[in-house]
């Protein structure tokens, strides 16, 4: 073995061991969101904080710095898209960021966000903004300190955003989102002027929870999510988390009077899960075994949830199966009605329940507010009012409670500032991927009408999953879709589908 | 603060941090036994092994050794039963043991036992001894290496036993168990000669699993187990585990045709849980916040499971409640019949389902076999035959399958050699504690007939739980019960109760 190769192996082993700690923290957090006894929250925060400190130590040892310095100038680093080259690039990128952060800040953030999420669950449930406010204040303060340590050019928000979406810039996103907003507002006006609004009534039929609890794993397994390498649990705010190369868990929630909530959050999280299960497991814990970015991750969840799960072809196949499961509750319905209700567009208060058009306006609001919070032009005390004002401006509605307003999302309680724009980036990416998928497979709707998902999944595996973090996100999407990122494919997809759902064609 | 005090604080902080890792390993293992996806076992073993190595490093740093040396000769160490004195004694004891063990051995044992338990679950379920044999070979080999490193005087088995029951010696236990065995064999003969054997039929009535799943948390909560600081899940082999000062979880299993199995394993594990929940939580992670020994732990679980849960007074109170819950399934039964069936004595194959008399013979068999395995006078290859021969000799029955024979217990797959005798020690301790409890409270049966368990729990809290690991186990039992350990109280208790159950009085 050459010197660079043996150094590479040494770093890889170090990183694989670090991943054992990271995946253990993921278990601590998964358990916190599922089965943790109510009295055990404070100690759980201590555990997460302590392990986060250990992880940070391992990520920033000077020994590691020395090895990475050697690798940076070695021939192995030359080829950016080989697994070795990508690993070195990813390690250097992560190391240079981590080494700027003092361990005390990392531990304090881990503890504050663990307690913050627990406080958020209680505050949201009780609709008490004031119970959560001091936590948000503390978390924001810690994340701002982090941004100040990381931001070379003074762009605090970009320093955070870059952790979730490598290479993304708020200035560019702002332009892209403005174009998207203008197009969506126009589409919304067209639907209202010329379309026939779906009633949404089929969606409000009550479905017993036991039936929903059977339908969710059924559809997740059918699209290819492996329950030998994962599981499905219930939680307050659905998410997907990876605890090992063969352990990616998804979580959903059920409401008797809101079947689509649980069904679509399952499809969404299963979409994330399929990506994680499709990453090269031999490289687990190293960049080639990791997701490209949060935006790419979201493109996978959105593709399954919306582009597939809300398509007319999907419902032609799925409807009779669910009708059979739900018996009397779904009598006198038909596939077209469910398809149309699945695509009802209407300004609403809750992001995760929003339709595909207004969803991006929810994201825009958060994107604007969190930039202002991080830069300090908006104070935490004023945030609920700013939230409500923005909802009035963009969606024409006003949240009656904090629970339906600023308390609805878990993200800020978990310290995730700079995360929200990746949701809309995911929608944009997914639209471009769907075009390429159609082009390559030709017959996607025919497959969906047969309930055949394997071809779609295999295409995603080959084009996206297998690459891990070897190709930067913007390049991965550009290369796979054959075009640079723009609002147009998403708008065209929405217009085409919604003109059918609104009986305009 | 004096010098010893500040050193004490430093060690305490070090130990509290170490406990954050230990409790995290407990979560990794709890999850392994409950919700881990089937494909994720190998990586879970890697995680447990890696964290065990970190823990071992922290337990054996030379810095810690220096601090402990200073404390050993300080005035704080002088008073053995103050929390500080007990903490120092416990730390020294643990350090001196740990420092003899190489990290590679600790990590290898953690990995082998994690994989061993997974292999045991599969082998037991499929009744395939050969699938488990290589694991047992490996685990035994590792534990023997450990014993050789720890045993000063060459008594390998004592070196392992001492980890679970401080100060216990196999030679003394052998004498005690022989006395107990003789008395129990005599009691068994008396019951068979003069008693009226309960039919056991009431116990075999089928109870729907949903009803059992409600009855178990109901009884656990009634005896005082806190679900704010714990939870109850299902697993293959019931256990109790502590994940933090306010997070002690119990696990049980249910069989539709064997209601007492789930009910009594719940009472048993809840008894363990009450002890853990009663330890001084301010001292969590330090000796004053830890259990005195496994034998004392088992005295608590047995006391609730058997001394209370199989008493006539308990069933007078409990029967109508369960009859009400179970409806038609428990029609035409009465409290006396259930009490008698709960005390049916009969040689049987499965330890955890055994009656209180023959249970100790099951333990004796394991105690003898594991001594022979550790010292090498018995080979793993010959163990199933030796197991079956011993069952023939002591219980007059022969296991038809490995599943009902040597594969029935999780312990050896988890590396727990030297653990089994603590079960019978727990029975002996519990009998002595019950005598003292009767003496202090006077009216225990009256309380049980009313379903009032608080007085009993409070007595246990005051006499046992609150002391943590401040008093060595033999001394704790001697002091609380006012007499040294002997077989007599357990035999007298069994004879008195069984003569009623067998209608001999």
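Tabulated data
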quantity	calculated
Rounded to 10°, Cα long-axis angle of helix B:129-150 versus longest principal axis of chain B	50
Solvent-free Debye scattering, log10 I(q)/I(0), computed from the Cα coordinates of region B:396-505 at q = 0.13, 0.14, 0.17 Å⁻¹	-0.72, -0.80, -1.01
Relative contact order [Cα under 8 Å, 6+ residues apart], chain B, whole percent	20
Label-to-label distance, nm, for residues given as residue A:350 and residue A:171 (7 Å Cα→Cβ offset)	4.0
Label-zone membership for region A:94-132, site residue B:17, 7 angstrom Cα→C-beta point, backbone N under 18 Å	A:102-112
R0 of 41 Å, Cβ-Cβ distance residue B:92-residue B:213: FRET efficiency to nearest 0.05	0.35
Residue B:331 versus residue A:103: modelled label distance in nm, points set 7 Å from Cα along the beta carbon direction	6.9
Residue-averaged [θ]222 nm for chain B, counting only DSSP H segments that reach four residues, each worth -39500 (n - 2.57)	-20500 deg cm²/dmol
Rh (Kirkwood; distinct C-alpha pairs) - the protein assembly as shown, Å	31.6
DSSP-defined antiparallel bridges as percent of all bridges, the protein assembly as shown, nearest 5	45
Rounded to 10°, Cα long-axis angle of helix A:312-326 versus longest principal axis of chain A	80
Cβ-based exposure ranking for B:464, B:363, in which fewest neighbours within 10 Å come first	B:363, B:464
Distance histogram in 10 Å bins (all Cα pairs of region A:345-467, percent per bin)	11, 34, 25, 19, 10, 1
Extension gain from residue B:324 to residue B:61, taking 0.36 nm per residue of separation minus the Cα-Cα distance	88.8 nm
Residue order, fewest to most beta carbons within 10 Å, for B:255, B:14, B:135	B:255, B:14, B:135
Between 0 and 90°, nearest 10: helix B:170-194 axis offset from chain B longest Cα axis	10
Ascending list, in nanometres, of distances separating the residue A:499 label from those of the other copies (7 Å, Cα toward Cβ)	9.6
Global geometry of region B:216-261, whether rounded, prolate or oblate, following the gyration tensor of its Cα atoms and the 1.5 cut on a/c	oblate
Reduced Cα scattering model of chain A, Debye log10 I(q)/I(0), q = 0.09, 0.13, 0.14 Å⁻¹	-0.63, -1.41, -1.66
Label-point gap, in nm, between residue B:234 and residue A:130 - each point 7 angstrom along Cα→Cβ	4.5
7 Å along Cα→Cβ, label-point gaps from residue A:346 to other copies, nm, shortest first	6.4
Percentage relative contact order, region A:214-343, counting C-alpha pairs under 8 Å, at least six apart	19
Whole-number Å³ per residue for the convex hull built on Cα positions in region A:3-150	123
Fraction of antiparallel bridges per DSSP, chain B only, in percent to nearest 5	45
Cβ-vector label at 7 Å, residue A:62, separations to other copies in nm	1.9
Stokes-Einstein translational diffusion, region B:179-284 - Kirkwood Rh over all Cα pairs, 1.002 mPa s, 20 °C, in µm²/s	136
Potential lengthening between residue B:392 and residue B:149 on full extension [0.36 nm per residue; Cα-Cα distance subtracted]	83.9 nm
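None of the figures in this text is laboratory data; all of them are computed from the coordinates on show. Not measured: the values here are computed from a predicted model. Quick reminder, even Gly has a Cβ in these numbers, built from the backbone with ideal geometry, and neighbours come from all protein chains shown.
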